[in-house]
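To keep things clear, I will list the structure first and then write my remarks on it.
Please treat every number below as a calculation from the coordinates, not as lab data. In this text the structure is predicted, and so the values were computed from the model without any measurement. Here the Cβ is made from the backbone with ideal geometry for all residues, glycine too, and neighbour counts use every protein chain on show.
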Amino acid sequence: MCTVVILRRPGHPWPLVLAANRDEMTNRPWQPPARHWPDRPQIVAGKDDLAGGAWLGVNDSGVVAGVLNRANSLGPSAGKRSRGELVLEALDHTTASAAATRASLLDPDAFRSFNLVVADRKDAYWLRSASDEGGEEAGPARIEIFELQPGISMITAHDRNDPASARVRANLPLFEVADAPDPKTGKWRSWQKIMGSQRHPPADGPEAAMTIVTERGFETVSSSLIALPGLPQSLRGRPAKPVWLFAAGRPDTVPYKPVDL
C-alpha cells in the first residue's frame, strides 16, 4: 500500500503540503519525476515503465495528483486500464476542481479499485473507486468525490484517516503533533523523519510502518515531499514555484533531492 499525507492550510503562504511514499515490487521499473510525455509537456511526474503511467505528478498550473491502490487490488487485471493513467488525465486540467469532476465521470469498471488525490493551492479532494470491493449490498460501482478539509489527511489503501489501516493508526498521530514543514526555508526534517521510519507496532507487522521492507521484494521504493505556494509570493505579484523533493529509493537510506519544475 502507498501513502499520501496532506496538510491543508487555507490562507497560509504555503496552503498545501504533501508527502507520499510509494510501495511497490522492487523489480518493477520506473523513472524519477521529469517531463517524460512529449504529448503532455506541462506534466512533471514519475513514470511507471511497465504501464506507462504515473503514480504522482504536478503540472505547470500548480495541480498535484497521486493515485493509490485500494486494499486487495495490487497489480494489473486483464481488460482494465492502468490506474497510472488517472494521474496523467487529472494533470491535463488547470484546476483541481476540474480534474476531480472529470475523474468522477470516468467508468469505474475500467479500472481496478483506487484512491485518487487531486489538489491545488485553493482546493483539495480525494476520490474513491471501490469497484473491486462490490457485492450485491454495495450497489453499482461509482467514483465518489470527497473534499479534503483543513488539517492533516492521510490516505492509504483505505479511506481518509481510516483506522482500519494499520499505517494510519500508527502514524497519523505522529503527523498531527509534528512540526509543520517550512518550504520557504527548506525545513522538512520533522516529516522526513516520519516518512523514513520503519517503526511499527509489533502486532501489526512491518507494513504498518511508513517505510516498509519485506522478504517478498515489496517495499518502499521512493518518497516525495511537495509544497504548493499561495498567490502572490513576491513583490511583483509573481507566484513562487511549487517545491518537490524526491528520494529515489527508501527515504531512510536515500536523500531527498529537488525536482526540476
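Quick notes on this one:
- Dipole of the chain [Lys/Arg +1, Asp/Glu -1 at C-beta], most positive-end residue of ALA100, LEU231, TRP244: LEU231
- Rounded to two decimals, the Cα-based Rg/Rh of the stretch 113-202, with Kirkwood Rh, is 1.03.
- Under 9 Å, Cβ to Cβ, from ASP92 - net charge with Lys/Arg +1 and Asp/Glu -1: +1
- Under a model in which nothing but the beta-carbon of Lys, Arg (+1) and Asp, Glu (-1) is charged, the stretch 3-258 shows a dipole of about 1100 debye around its Cα centre.
- Across the stretch 39-47, coupling constants 3J(HN,Hα) worked out from phi with the 6.51/-1.76/1.60 Karplus curve, θ = phi - 60°, read 7, 9, x, 7, 10, 10, 7, x, 10 Hz, and Gly and Pro carry x.
- Distance between modelled label sites at VAL254 and ARG216, nm, 7 Å Cα→Cβ extension: 2.2 nm
- Non-local lysine pairs in the stretch 3-258, meaning eight or more places apart or on different chains, with alpha-carbon distances under 20 Å, amount to 11.
- P(r) for the stretch 180-261, from all Cα pairs and a bin width of 5 Å, is 3, 14, 20, 19, 15, 11, 8, 5, 3, 2, 1 %, short bins first.
- Taking the number of Cβ atoms within 10 Å of each Cβ as an exposure proxy, the fewest-first ranking of ASP49, ASP23 is ASP49, ASP23.
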